[in-house]
Amino acid sequence: MNILHYTIGLPPARRGGSVQYAYDLMRQQSRGNNVYALVCGDTLFRGDVCKVKKSGKDGDVKVYSLSNPLTPTLIYGVSSPAEQHRNVRIDYDNIRNFIVDNEIAVMHIHTLMGLHKDIVKFIKSLGVKIVYTTHDFHGICPHYNLINQNGDLCNEANGKVCALCNLHEPSDRFLRIANSHLYHLIKKSGIFKILSKPKAKTNAKTEDKSCDYSSDIISDEQIIEYDALLNYYREYFNLVDIFHFNSSQTKDVFQHFIPSARGYVIPVITSGIRDKRKNLTLKDTIVFGFIGSTNEYKGFSILKTVMKELYDNGHHNFKLRVYAGTTESIDPECPNIEYRPPYNYSEVSDVFYNLDCVVVPSKWYETFSLVTLEALGHGRPVIVSDHVGAKDVVRDYKEEYIFSSPDDLKNIITDILNFPKGLQYFNDLILSKEWPFSIEKHSDDIIRMYGQN
């Protein structure tokens, strides 16, 4: 089969779970198929035309770049909605030749960022099946994570709501620089930072008295622009033949916003996640771990509050190690919370084997959570919020470790501190079950999915 994957970029220039997943899946699929990678080209200097350019090879994967792309929003929101679907001149002959000459049968899209809808529409018209993996909520939510400006989950999308939520996001110029090859080179050098995100106000306000916002006002024109962007994405999603939902939760969220979305739930995995399960040996101090960003939507503040309350209430037989890209330090409000510096992926097993339990307390509808799968793959128990897509996997082991409120989380951790052997029983469960996850099996599942209607 001849397969084209579109992703924002490849490692090491681009990082993140979705990038690594797409990369590992491509390389695995290339062991029996002809695989092509199309990546978002440079955004700093826009060209006159959008077309596909050959960019080399990565193993057996043939790599191409899309020139004159739209501007990826990365982890930010959208302050200039019209820029996200601006008109560009597309070289359709170039794209037709690329698709036809390489006999592409499936286009597997891992993000909408940078990729013009009209290109996908044209490729579909050539008889190519369009598949989309739901790594995040970009396209449904201009802020990608369905967390509004108050830090609450958002269950609606319209021009007014989105205009309020994205009022203070970085400019398109900022994003174009942040996506450029030049910035990546300077960032990699570690010499200095040339950009910092403008500090956004926590809230915004309209005349709607039901909203708890500050004094900012949005215009009718802004509302119209965001409505146009949301309509653009609805038309985009209508081009998708098969949605690859990475969890049942993600399927539910997508179908809430896009009722026509149809596809299959298949948990994701990367090549580094393998069966490395080991026995858990408990000591007097229970070591919990948090791995990821400390941004509000990741739920770290919930975990920190719970741990501080437990410490203040006399529970001192624990440590919380926080791996969040920070330097090494002790939390000034709770001496049992330790911040650790970043680790290389080659050290991941050392990190997990030195933890007794991992906590994933996300506030947003986390589409999956590779950290959860990584922990289980090392035999480590995991506590997850009911907003984490990987709860599907945790439920197969111990449903009691899925929480829906801070009080639930506090009760789970209190039970562990009072009866640590509960972690041992969880570890025994992990070890006793067959480990069904591998990039090889996952690739086969995805290939079979391509053949479905």
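Every residue, every condition in (1) outside the structural domain of VAL359 (by TED's automatic domain parsing); (2) assigned to a loop (DSSP other than H, G, I, E, B); (3) among the acidic types (Asp, Glu), yes or no:
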site: HIS256; (1), (2), (3): yes, no, no
site: PRO259; (1), (2), (3): yes, yes, no
site: ARG277; (1), (2), (3): yes, yes, no
site: SER293; (1), (2), (3): no, yes, no
site: SER301; (1), (2), (3): no, no, no
site: LYS308; (1), (2), (3): no, no, no
Among (1) touching a residue at least 60 places away in the same chain (Cβ under 8 Å); (2) of a type in the set (Asp, Glu); (3) loosely packed, with under 15 Cβ neighbours inside 10 Å, which single condition is ASP48 missing? (1)
From the list ASP101, ASP93, ASP58, pick out the single residue that is surrounded by fewer than 18 Cβ atoms within 10 Å (Cβ to Cβ) and touching a helix residue (DSSP H, G or I) at 6+ places or on another chain (Cβ under 8 Å). ASP58
Residues that are under 30 Å from ASP252 (Cβ atoms), assigned to a helix (DSSP H, G or I) and under 20 Å from the mean Cα position of the chain (by Cα): does the stretch 137-159 have at least one? no
Given (1) in a helix (DSSP H, G or I); (2) closer than 29 Å to MET449 by Cβ, ALA163 misses just (2)
What's the total number of residues in the stretch 425-453 that are surrounded by 14 or more Cβ atoms within 10 Å (Cβ to Cβ), of a type in the set (Ser, Thr, Tyr) and more than 16 Å from GLU374 (Cα to Cα)? 2
Mind checking which pairs have a first residue in the stretch 217-245 that is touching a residue at least 12 places away in the same chain (Cβ under 8 Å) and over 13 Å from VAL161 (Cα atoms) and a second that is among the small types (Gly, Ala, Ser) and in a loop (DSSP other than H, G, I, E, B), Cβ under 6 Å, 6 or more apart or different chains? TYR233/GLY139; PHE243/ALA261
What pairs come out if I take residues in the stretch 380-398 that are within 20 Å of ASN279 (Cβ to Cβ) and pair them with residues that are in a loop (DSSP other than H, G, I, E, B) whose C-beta lies under 6 Å away, six or more apart or interchain? ARG380/LEU355
Of a type in the set (Phe, Trp, Tyr), at pLDDT 95 or above and surrounded by 14 or more Cβ atoms within 10 Å (Cβ to Cβ): is that true of TYR401 in this structure? yes
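So which residues in the stretch 329-349 are within 29 Å of SER271 (Cα to Cα) and touching a strand residue (DSSP E or B) at 6+ places or on another chain (Cβ under 6 Å), if there are any at all?
From the stretch 329-349, those within 29 Å of SER271 (Cα to Cα) are 339-349; that's our starting set.
Hits for the stretch 329-349 are TYR339, ARG340.
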Can you confirm whether MET107 is more than 22 Å from LEU230 (Cα to Cα), surrounded by 16 or more Cβ atoms within 10 Å (Cβ to Cβ) and in the same structural domain as SER79 (by TED's automatic domain parsing)? yes
Filter the stretch 326-349 for residues that are within 15 Å of GLY289 (Cβ to Cβ) and among the hydroxyl-bearing types (Ser, Thr, Tyr); the one that is modelled with the lowest pLDDT is THR326
When you look at GLY325, is it on the phi > 0 side of the Ramachandran plot and small (Gly, Ala, Ser), yes or no? yes
Please list, ordered by first then second residue, the pairs with beta carbon atoms under 7 Å, 6 or more apart or interchain, first in the stretch 83-109 and in contact (Cβ under 8 Å) with a residue 60 or more places away in the chain, second assigned to a loop (DSSP other than H, G, I, E, B) and surrounded by fewer than 16 Cβ atoms within 10 Å (Cβ to Cβ). ILE99/LEU126; ALA105/MET1; VAL106/MET1
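Got a sec? Which strands (runs of 3 or more DSSP E) wholly within the stretch 19-90 have at least 3 residues that are of a type outside the set (Val, Ile, Thr) and closer than 21 Å to THR270 by Cβ? Steps first, answer last, please.
On the way: elements: 34-40, 52-58, 61-66.
Answer list for the stretch 19-90: 34-40.
Search the stretch 325-367 for residues being aromatic (Phe, Trp, Tyr) and either in contact with a His (Cβ under 8 Å, 6 or more places away or on another chain) or part of a strand (DSSP E or B) (or both), and hand back the single one that is nearest to LYS298 (Cα to Cα). First the steps, then the outcome.
Keep residues of the stretch 325-367 that are aromatic (Phe, Trp, Tyr), which gives 339, 343, 345, 352-353, 364-365.
From the residues that got through so far, the ones that are either in contact with a His (Cβ under 8 Å, 6 or more places away or on another chain) or part of a strand (DSSP E or B) (or both) too are 339, 352-353, 364-365.
Values: TYR339: 16, PHE352: 19, TYR353: 23, TRP364: 7, TYR365: 10 Å.
Result: TRP364.
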Quick check on the stretch 285-318: of everything there that is among the polar types (S, T, N, Q) and under 23 Å from the mean Cα position of the chain (by Cα), which residue is modelled with the highest pLDDT? SER301
Residues within the stretch 270-300 that are under 20 Å from ILE416 (Cα atoms), free of Cβ contacts under 8 Å to residues at least 60 places away in the same chain and among the polar types (S, T, N, Q), tallied: 2
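The values are calculated or read from the model by the stated rules, or taken from the named source; none is laboratory data. Computed from a prediction, not measured in an experiment: that's the story for all the values here. Note that we place each Cβ from the backbone using ideal geometry, even for glycine, and neighbour counts take in every protein chain shown.
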